[in-house]
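The values are calculated or read from the model by the stated rules, or taken from the named source; none is laboratory data. Model, not experiment: these values are computed from the prediction. Here the Cβ positions follow ideal geometry from the backbone for every residue, glycine too, while neighbour counts run over all protein chains shown. Quick note on the areas: whole protein, heavy atoms, side chains included, nothing else; ligands and nucleic acids left out. Shrake-Rupley method; radii C 1.70, N 1.55, O 1.52, S 1.80 Å.
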Amino acid sequence: MKTVLITGAAQGIGRATAERFLASGHALVATDMSAKLLEELKSVAPDRVATLAQDIKADPAPDAAVDLALKTFGRLDVLVNNAGVGEPRPIHESDDSDIDRFLDINVRAQIRFCRAALAAMTSGAAIVNIASIFGFRGSAGAGVYAVSKAAMIGLTRQLAADHGPAGIRVNAVAPGLIRTPLTADRIDNDAAFRRQMVDTTPFPRIGTPQDIAAAVCFLASEDAGFISGHTLVVDGGWLVANGRRDASGAP
Ligand SMILES: NC(=O)c1ccc[n+]([C@@H]2O[C@H](COP(=O)([O-])OP(=O)(O)OC[C@H]3O[C@@H](n4cnc5c(N)ncnc54)[C@H](O)[C@@H]3O)[C@@H](O)[C@H]2O)c1
């Protein structure tokens with residue numbers, strides 16, 4: 001049984017990932033801003049879930065989460081750095097509070113959670129960061145969100161280089177469009193968003209939180225025992241198809 005720490009575990013991708021680790025018999029430290037939703041998650045396996053309502057950008061948050069893992073389960077084997085925010089504006093329309101919001105939550109807090117987790121981890125442990133396809137390419141309007149997700153890919157490479165010698169692997173998953181509370185409204189009601197994200201994904205469906213949970217659990221497992229510094233794209237082919245589903249305009 002491993003001990004897994006997941007941020008943003010109350011809903012969406014974090015929740016599906018938490019449920020998949022629990023189904024495999026692992027113990028979980030689940031953190032999120034929503035205490036109510038965390039209680040729902042705890043009811044799935046009360047003996048194997050410890051919860052912590054916290055804002056990941058608060059300075060004490062990473063140490064508090066890691067301490068809870070050590071006090072409750074005696075070890076920390078996996079960190080899934082998942083909590084994050086979206087809905088960016090183009091950089092020329094972003095004010096300082098937009099910039100701070102993305103950098104504080106999507107970058108600074110992620111780095112600080114990795115640092116705290118690594119201090120408690122030993123050989124065989126693994127970190128999985130949640131990046132995004134927008135971390136790989138320029139995309140009109142993706143703003144500081146895209147910058148923050150490119151930073152997660154860089155963080156993953158850097159930590160893999162620094163901590164590989166200690167037997168600790170660090171990888172990332174870059175989701176494409178996944179239906180979660182973060183995206184559901186735009187998927188259902190924003191025609192321009194659907195054209196950009198849904199109509200241009202070759203595989204003919206929208207991604208699910210379970211698609212990402214499967215990739216995270218694989219990267220955290222011994223099946224990925226020689227994979228480190230990698231960002232696994234899980235997007236139904238959106239990134240490689242370069243925004244096209246049909247053959248019009250093909251060379
Ligand atoms: N849904 C997608 O299409 C998609 C695509 C690419 C990347 N991602 C990334 O996946 C991750 C999860 O996204 P999701 O779609 O499940 O989002 P979501 O909004 O459905 O869930 C995010 C969870 O994180 C929590 N959270 C947010 N800010 C927090 C904070 N400051 N402190 C503590 N908890 C906080 C929220 O309460 C929520 O439970 C994010 O990093 C997001 O950028 C999502």
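May I ask you to verify whether Thr180 is out of contact with any strand residue (DSSP E or B) (no Cβ under 9 Å at 6 or more places or on another chain) and not aromatic (Phe, Trp, Tyr)?
yes
Give the residues of segment 117-138 that are within 17 Å of the chain's Cα centre (by Cα) and within 16 Å of the ligand (Cβ to nearest atom), sorted by residue number.
Within segment 117-138, Ala117, Ile127, Val128, Asn129, Ile130, Ala131, Ser132, Ile133, Phe134, Gly135, Phe136 meet the criteria.
Residues being open to solvent by less than 40 Å² (accessible area, probe 1.4 Å) and in a loop (DSSP other than H, G, I, E, B): count how many of those fall in segment 27-57.
Within segment 27-57, residues that are open to solvent by less than 40 Å² (accessible area, probe 1.4 Å) and in a loop (DSSP other than H, G, I, E, B) number 4.
Taking Asn242 as meeting all but one of (1) open to solvent by less than 60 Å² (accessible area, probe 1.4 Å); (2) on the phi > 0 side of the Ramachandran plot; (3) not β-branched (Val, Ile, Thr), write down the number of the exception.
So the condition that Asn242 fails would be (1).
This table checks each residue for (1) within 9 Å of the ligand (Cβ to nearest atom); (2) open to solvent by 30 Å² or more (accessible area, probe 1.4 Å); (3) among the polar types (S, T, N, Q).
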| position | (1), (2), (3) |
| --- | --- |
| Val107 | no, no, no |
| Cys114 | no, no, no |
| Thr156 | no, no, yes |
| Ile178 | yes, no, no |
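Do we find that Ser97 is within 16 Å of the ligand (Cβ to nearest atom), of a type outside the set (D, E, K, R), part of a helix (DSSP H, G or I) and free of Cβ contacts under 8 Å to residues at least 24 places away in the same chain in this structure?
Criteria met by Ser97.
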